[in-house]
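The values are calculated or read from the model by the stated rules, or taken from the named source; none is laboratory data. Keep in mind the model is a prediction, meaning the values are calculated, not measured. When we count neighbours, we look across all protein chains shown, and the Cβ atoms used for this are built from the backbone with ideal geometry, even at glycine. Accessible surface is based on the protein model in full, side chains and every heavy atom, while ligands, DNA and RNA are left aside. Shrake-Rupley method; radii C 1.70, N 1.55, O 1.52, S 1.80 Å.
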Amino acid sequence: MKKKLLSVLLAGCMVLSLAACGNDGGSAAPDAGQTQTQPEAQTPAADTTQNSTEGGASTDTSDAAADPTNGEVVDGKFVETRKITVEVYDRGNDGGSDPTNNKYTQYIKDQMLALHNVEVEFVAVPRWTEVEQINNLLAAGDAPDICLTYDYPTVQTYANMGGVLDLSSYVDDYKDMLPNLWNWLGETNIYWDKDPVNGTLWAIEGKLAVTNRINTFVRKDWLDKLGLEEPTTKQEFEDMLIAFRDNADTLLGADADKMIPYSVSFDVGWRAALLIESFIDPDISDYDFYVNGFDDRKLTEPGTKEAIRLLNKWYNDGLLWDDFALYGSGDTTEDDMIKAGYVGAFMHNWDYPYRNGEDSIQTNLERLVGPDAKFVVVDCFEDSKGGHNKFVSSTAGDRKIFFPATNEEPLASMMYLDFISTPEVIEYLQIGDEGVTHNKLDDGAVEIVAATGDDIQNSGFNIDYTITCNGLHLTDEELTLKSIAHSYSGIDPALVEEAHKVCNTDARKAKNVNVGAIASEEGQGPTLSSKRDVILDTAVSAPVENFDKVWDDGMADYLSSGGQAIIDERTEKWKATFGDTTALPE
């Protein structure tokens, strides 16, 4: 009855959602890590000792304080078996396993039942249309008890309609029962989205164990063949692309007509992010960055238009992939061309060519082209002061974890989040069993090895199950750092080490600007994201003489469709919260 009633109340919300993924085309910055493998064997039990954390034990000796569950939970276990459902992304990986029924889901189910007497069922949601699918499930009253999304406006929209539980009392009242959750996320991530006015908490922010974001990759063997140095500026990068284009016969022989000097996808805002950010004033104020920062592709930030103008020039000069705008989320055409050796440069997630084990871009390239073929990282998009404007996430800013109002087991769900945040559980799900999916090196570092069969992961480091943790996080921090470079099966660790170094050069971590809910953003994410992609795609591919008109007309439509209202409300809320200051404390 509860689900049926809620579905009626929320059905109207579907008008607000479009069949689009508002935050993540193709491949998204928030999917850190690489698709590797995991195992079976002596699966470790989670350490879920119920100790108080951050503040110590309560001094209140009342029965309610001593046992906030009123006898429902004894020694960490429910007296009566509970059942919850948990969202998991379905990435449609070739050769992967059923994301709802595999070795890792069975491990989680067994542990949760043994430790907490909670049965767990996983519900698959397609990764590349997750916003649309979550909208559908919420509106129908069929959403899993534990949901996650990269799109906070979706959470806010349904929260305002009574479709999401307020988590503030659960994280506070049951704090002593959730030591692993509190130890891992801390107040910063747990309270990141807490409304500063009314105290509501609609979602908990997962934590980025690694904040590495994006890099620019070029074919080192092509540079060597043409006697070129690695580019260090925009002009040198352009000169390199021209050299690739003009020497296609030398570089590709009979396949010269397949030459793509520089590849971007339909998601230009992500796939040219470093170029775009290099045009943003490195001294931009926190105020200006926030007011225009509702679009994570930085569409309305000052400077973006000129960055896209440069891409437009490159496109019309034959330096970009002609058909970049034709292939949407999840399509493999571009990756297939890169693996085949036809692409000279591209920008993507910081470790993108090295992911996926035997099916990685780097491994395929060596297999098809030769052992010398490789992509290396370059740092060539200078800002106006000669540095490199790289806006990265804070440790917050990952997936938003929330409970729909149809969740009738919020305590069991909180205990699940605590379990999945246990250091030993995170480590096991990420690297599996020694000798099966990883080896220990002499210095203790973990080296990932290719897995087969049931040991294959569907997502890098199993981040689709470690939903509070995105990125490698072993129980020993020092070994984690040592292991990152060895966590890509078949890849030279030196390539990963350089990628890690470059993406952190001049990195600027985001600040949390919490001014309360921005009503004008609710339900607009998919719509405006779709319009943004159209603006960027058409502006890049327009004739040079039409660029300004295409850009200006697209922006006028974007702003009149809700973008300006968001800018105006963000401006108003900033001033109401912070007054005339334009800078936040570090």
Largest-first principal axis extents of the Cα set of the chain (Å): 78, 57, 43
Given charges at beta-carbon only (K, R positive; D, E negative), |dipole| of the chain in Debye: 780 debye
Partner aspartates and glutamates for K194 [C-alpha distance under 14 Å; skip if fewer than 8 residues away on the same chain]: D166, D172, E205
Protection-proxy order for peptides 258-271, 212-225, 303-316, each taking the mean of Cβ atoms within 10 Å per residue, highest first: 258-271, 212-225, 303-316
Amide H partners (placed H, <5 Å) of T216, local residues excluded: V378
Principal-axis tilt of helix 130-140 within the chain, Cα atoms, nearest 10 degrees: 40 degrees
Positive-pole candidate from T188, S561, I146, dipole of the chain, charges at beta carbon: S561
Using θ = phi - 60° and Karplus 6.51 cos²θ - 1.76 cosθ + 1.60, couplings along the range 391-402 (whole Hz; Gly, Pro as x): 8, 10, 6, 6, 5, 8, x, 9, 6, 9, 9, 9
Selection from G516, T505, Y488, by position along the positive dipole direction of the range 487-539 (Cβ): G516
Dipole moment magnitude, nearest 20 debye, the range 277-336 about Cα centre, only Lys, Arg, Asp, Glu C-beta charged: 280 debye
Lys, Arg +1 and Asp, Glu -1 on Cβ, resulting dipole of the range 437-479 about Cα centre, debye, nearest 20: 180 debye
Within straight-line cross-link reach of K258, lysines at Cα separation under 28 Å, skipping those fewer than 8 residues along the same chain: K220, K225, K234, K313, K339, K374
Carbon/sulfur fraction of accessible area - the chain, other protein chains in place, 1.4 Å, %: 48 percent
Integer Hz, Karplus 6.51/-1.76/1.60 couplings in order for the range 362-373, x for Gly and Pro: 4, 5, 5, 4, 5, 5, 8, 9, x, x, 7, 6
Cα centroid of the range 251-324 to Cα centroid of the range 430-449, whole Å: 38 Å
Relative packing of peptides 200-211, 513-524 - highest average C-beta neighbours within 10 Å first: 200-211, 513-524
Residue-normalised accessible area of the chain, expressed per residue, 1.4 Å probe, Å²: 39 Å²
H388 long-range amide H proximity, modeled H, under 5 Å: D383
Taking the chain and dividing mean pair separation by its residue count, relative contact order in percent (alpha carbons under 8 Å, at least six apart): 27 percent
Between the range 373-411 and the range 65-130, the alpha-carbon center distance in angstrom: 26 Å
Using alpha-carbon coordinates, inclination of helix 179-190 to the longest axis of the chain, degrees: 60 degrees
Calculated diffusion of the range 287-428, Stokes-Einstein form, Kirkwood radius summed over Cα pairs, 37 °C and 0.692 mPa s, µm²/s: 166 µm²/s
